[in-house]
Amino acid sequence: MNPEPLVELRGITRTYGHGDVAFQALRGIDLAIAAGEFVAVMGPSGSGKSTAMNLLGCLDTPSSGAYRFRGIAVEQLDRNQRALLRRRCLGFVFQGFNLLARTTALENVELPLLYRGEPVAERHAAARAALQRVGLAERAGHTPAELSGGQQQRVAIARAIVTNPLLLLADEPTGNLDSQRSHEIMELLVALNREQGITVVMVTHEPDMAAYASRCVHFVDGRVDRDSRQTSCS
Amino acid sequence: MLLNALLLALREIRRNLLRSFLTVLGIVIGVAAVITMVTLGNGATRMVAEQISSLGSNLLMVMPGQRLGPGRDSAGAPKFRIGDVEAIRQQVGGLQAVAPQVGSAVTLVAGTQNWSSTVNGTSNEYFTAGNWTLAAGRRFSDDEEQAGKAVCIIGQTVRKELFGSASPLGNSIRVKSFSCEVIGLLAGKGQGGMGQDQDDTVLMPLNTVQRRLTGSLDIGGILVSMRDDADTATVVGQLRGLLRERRKLAANADDNFNVMDTKQIAETLSGTIGTMTALLGAVAAVSLLVGGIGIMNIMLVSVTERTREIGIRLAIGALEQEVLLQFLIEAVVLSAFGGLVGIALALLACLGLATLMGMPFLFNPGINLTAFAFSAAIGVVFGYFPARRAARLDPIEALRHE
Ligand SMILES: Nc1ncnc2c1ncn2[C@@H]1O[C@H](COP(=O)(O)OP(=O)(O)OP(=O)(O)O)[C@@H](O)[C@H]1O
Ligand SMILES: [Mg+2]
């Protein structure tokens, strides 16, 4: 495998708040993820999974520790440099849907391409293709308010994959879906991982879903409790 | 990047039509108010200037009695006589014309029509002094003036009321007990500086009016028209000296007549209107400012409302300056649009009001440009602060925002 991991966390801590109300959500995370891996992150609620995903997604900076993305020291980047990194290399599926209200599915999906400055025709084509992949092509013109929870979740996934990111971060992408849809989404993620070589890090509570991953990382109380590379996690 | 931001801004405006409309309303009203006030003010100033100049430039009006104002006493003051007019003509330098005036309110009858108007007894010099021209017919002959013949020259309003659109020349009008022949028709002048109808007048020779209408040798007032090169102060000085002498006033006595300078009246009047215009313009400018604050307010509220949206944009890779630019463009587009609508509204209002008040409509590109630039500037200034606040949000914080 690639000697340089795609993502490398060393001694990461993240403390929310100051003084008496300070709360340490991450207490020293060491984690390396190679390009092409499909990682499932599991753990009890409040164990710091979303916090870790935000750090991986360059949305947040660690309180201490080092984060390298393709060898770049992310904690030394400024706001704009991190934004550019997110724009070029990362796809993020949020725990909430975080779609723009009163904005059609198609417009939501093409938004990252718009910020990349892609021409209209390519933007439309790519956004439609992404919606097609999540099985929502015929819903392209609907706004989030007109879509079911599961459909909104799929629009969010389409938005995350439309840019062909190097790293796809998905915080409970199947949290709002029935098991039929969940399996479809997992197959989509596996396909993206296998065919396009997109590295996937996915938070899930369901062992069924984690089973699709090639590696499983367990969080407990802001620490990595278990890191198993078997096909079956539980 | 600019194009993208423009696209995003336009999308947002379209998506939130009601909010956009409310934002724009303040600017529309402010801009429209400023432009309307200033344009109407300019029109009023121009109108007064035109009316005063239609009176005749460099005109002095000499009236018996003390100068206008509280405690004015004209009743006791001796009137002028034709001798005063002659003396002024001969002894005061720099004059163009000196015309006596005797007014008398009468009812005019011609055929079945009748009309109440004012007869003005005067001389041919009145044409020069009063800046009148004839539309048809002729002036008084020397014989008619001296003998006090029953002839008259009528204004446009009188013609319209008595003869309609027919030519009045050669017809006769009955005034009180005598009948007089119409020998001339004055060219129209329109409304006077005090709002009166200047064309509602009938001119007769001084002698005719004195003998047949007023029955006295008194003269109501004297119109004195100066030459263009004459110095007003010198002429007024000479005039006063002469009249004081003729009226045998003691050195320490007040004048029992007054000399009004139309130029001075015009200046005072335009000055007053200018002050009013400035005042109204200032009030309107305040309303424009309030409109701008309204924009800022709505932008601020919308930023709060849109915090999640901003978080999403930042999270998927929008740069701070891209979000900033989007909000700025939204604000500028809204206020520029508001400015344009305001200008359109103002032009409509000005046209309507100017027609209603019988004033000239003067399109003033300066104030339109200023108001437009100001509304756009309000957009930039008031759009900038909320936009900066939005763009500086931490994406995680913004996403958590409920
Ligand atoms: N902005 C914040 N301010 C203060 N505390 C926070 C903040 N964000 C998260 N926390 C706390 O940090 C801890 C970890 O939160 P995190 O969202 O990472 O949990 P999680 O593992 O994703 O949980 P879940 O499975 O419920 O999504 C929680 O105890 C949470 O209360
Ligand atoms: Mg979470």
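Of everything in segment A:161-180, what is open to solvent by less than 10 Å² (accessible area, probe 1.4 Å) and either within 16 Å of ligand 2 (Cβ to nearest atom) or in a strand (DSSP E or B) (or both)? Give them in sequence order.
A:Leu167, A:Leu168, A:Leu169, A:Ala170, A:Asp171, A:Pro173, A:Thr174 - these are the residues of segment A:161-180 that are open to solvent by less than 10 Å² (accessible area, probe 1.4 Å) and either within 16 Å of ligand 2 (Cβ to nearest atom) or in a strand (DSSP E or B) (or both).
Could you tell me whether any residue of segment A:86-96 is without any contact (Cβ under 8 Å) to a residue 60 or more places away in the chain, under 17 Å from the mean Cα position of the chain (by Cα) and within 16 Å of ligand 1 (Cβ to nearest atom)?
Yes, there is a match, as at least one residue in segment A:86-96 is without any contact (Cβ under 8 Å) to a residue 60 or more places away in the chain, under 17 Å from the mean Cα position of the chain (by Cα) and within 16 Å of ligand 1 (Cβ to nearest atom).
Could you say whether any residue in segment A:70-93 is closer than 20 Å to A:Leu166 by Cβ, within 16 Å of ligand 2 (Cβ to nearest atom) and among the aromatic types (Phe, Trp, Tyr)? Break it down into steps so the answer makes sense when it comes.
Start the filter on segment A:70-93 by keeping residues that are closer than 20 Å to A:Leu166 by Cβ, which leaves A:70-77, A:80-93.
Narrowing the set further to residues that are within 16 Å of ligand 2 (Cβ to nearest atom) leaves A:92-93.
Filter again for among the aromatic types (Phe, Trp, Tyr), leaving A:92.
There is at least one residue in segment A:70-93 that is closer than 20 Å to A:Leu166 by Cβ, within 16 Å of ligand 2 (Cβ to nearest atom) and among the aromatic types (Phe, Trp, Tyr).
Is it true that A:Ala40 is in contact with an Asp or Glu (Cβ under 8 Å, 6 or more places away or on another chain) and more than 9 Å from ligand 1 (Cβ to nearest atom)? Quick ask: steps written out before the conclusion?
On the way: in contact with an Asp or Glu (Cβ under 8 Å, 6 or more places away or on another chain): no; more than 9 Å from ligand 1 (Cβ to nearest atom): yes.
The answer is no for A:Ala40.
Among the candidates A:Gly17, A:Gly48, single out the residue that is surrounded by 14 or more Cβ atoms within 10 Å (Cβ to Cβ) and within 16 Å of ligand 1 (Cβ to nearest atom). Break it down into steps so the answer makes sense when it comes.
Working: A:Gly17 fails: surrounded by 14 or more Cβ atoms within 10 Å (Cβ to Cβ).
So the residue among A:Gly17, A:Gly48 that is surrounded by 14 or more Cβ atoms within 10 Å (Cβ to Cβ) and within 16 Å of ligand 1 (Cβ to nearest atom) is A:Gly48.
Please specify each residue of segment A:81-110 satisfying the condition of being more than 8 Å from chain B (Cβ to nearest Cβ), in a loop (DSSP other than H, G, I, E, B) and in contact with a helix residue (DSSP H, G or I) (Cβ under 8 Å, 6 or more places away or on another chain).
A:Gln95, A:Phe97
Could you give me the residue pairs with C-beta distances under 9 Å whose first residue belongs to segment B:321-338 and is away from chain A (no Cβ under 12 Å), whose second residue is of a type in the set (Phe, Trp, Tyr) wherever it lies, and which are 6+ apart or on separate chains?
B:Phe327/B:Tyr384; B:Leu328/B:Tyr384; B:Ala331/B:Phe382; B:Ala331/B:Tyr384; B:Ser335/B:Phe382; B:Ala336/B:Phe372
Output the number of the condition that A:Cys58 fails; it satisfies all remaining conditions of (1) within 16 Å of ligand 2 (Cβ to nearest atom); (2) closer than 21 Å to B:Leu314 by Cα.
(1)
Look through B:Leu169, B:Leu186, B:Leu213 and report the one residue that is touching a residue at least 60 places away in the same chain (Cβ under 8 Å), of a type outside the set (Phe, Trp, Tyr) and either under 23 Å from B:Gly148 (Cβ atoms) or in contact with a Phe, Trp or Tyr (Cβ under 9 Å, 6 or more places away or on another chain) (or both).
Values: B:Leu169 fails: touching a residue at least 60 places away in the same chain (Cβ under 8 Å); B:Leu186 fails: touching a residue at least 60 places away in the same chain (Cβ under 8 Å).
Only one candidate passes the filter, namely B:Leu213.
Filter segment A:25-45 for residues that are within 16 Å of ligand 2 (Cβ to nearest atom) and part of a strand (DSSP E or B); which is surrounded by the most Cβ atoms within 10 Å (Cβ to Cβ)?
Going residue by residue through segment A:25-45, those that are within 16 Å of ligand 2 (Cβ to nearest atom) are A:25-26, A:29, A:39-45.
Within this subset, residues satisfying the condition of being part of a strand (DSSP E or B) are A:25-26, A:29, A:39-42.
On the way: A:Ala25: 20, A:Leu26: 26, A:Ile29: 24, A:Val39: 24, A:Ala40: 25, A:Val41: 28, A:Met42: 24.
So the residue we want is A:Val41.
Step by step: first the residues of segment B:27-68, then only those that are under 30 Å from B:Asp254 (Cβ atoms), open to solvent by less than 40 Å² (accessible area, probe 1.4 Å) and not β-branched (Val, Ile, Thr), then the one that is modelled with the lowest pLDDT. Which residue is that?
B:Gly56
So, in segment B:330-360, exactly how many residues are modelled with pLDDT under 80 and surrounded by 17 or more Cβ atoms within 10 Å (Cβ to Cβ)? Give the steps one after another, and end with the answer.
So the first thing to find is which residues in segment B:330-360 are modelled with pLDDT under 80, and the list is B:357-360.
Next, only the ones that are surrounded by 17 or more Cβ atoms within 10 Å (Cβ to Cβ) stay: B:359.
Going through segment B:330-360 one residue at a time, the tally reaches 1.
How about segment A:123-138: which of its residues are surrounded by 19 or more Cβ atoms within 10 Å (Cβ to Cβ) and over 12 Å from A:Glu110 (Cα atoms)?
Within segment A:123-138, A:Val134, A:Leu136 meet the criteria.
Just to check your reading of the model, which residue among A:Leu31, A:Leu56 is more than 9 Å from ligand 1 (Cβ to nearest atom) and under 21 Å from B:Leu399 (Cβ atoms)? Walk me through how you get there before you give the answer.
On the way: A:Leu31 fails: under 21 Å from B:Leu399 (Cβ atoms).
The unique qualifying residue is A:Leu56.
Out of all the residues in segment A:187-199, is one or more within 16 Å of ligand 1 (Cβ to nearest atom) and open to solvent by less than 30 Å² (accessible area, probe 1.4 Å)?
Looking only at segment A:187-199, we keep the residues that are within 16 Å of ligand 1 (Cβ to nearest atom), and these are none.
No; the residues of segment A:187-199 include none that is within 16 Å of ligand 1 (Cβ to nearest atom) and open to solvent by less than 30 Å² (accessible area, probe 1.4 Å).
The values are calculated or read from the model by the stated rules, or taken from the named source; none is laboratory data. Remember, it's a predicted structure, so these values are computed and weren't measured experimentally. Glycine gets a Cβ as well: all are built from the backbone with ideal geometry, and neighbour counts include every protein chain shown. We work out accessible area using only protein heavy atoms, side chains counted, and drop any ligands, DNA or RNA first. Shrake-Rupley method; radii C 1.70, N 1.55, O 1.52, S 1.80 Å.
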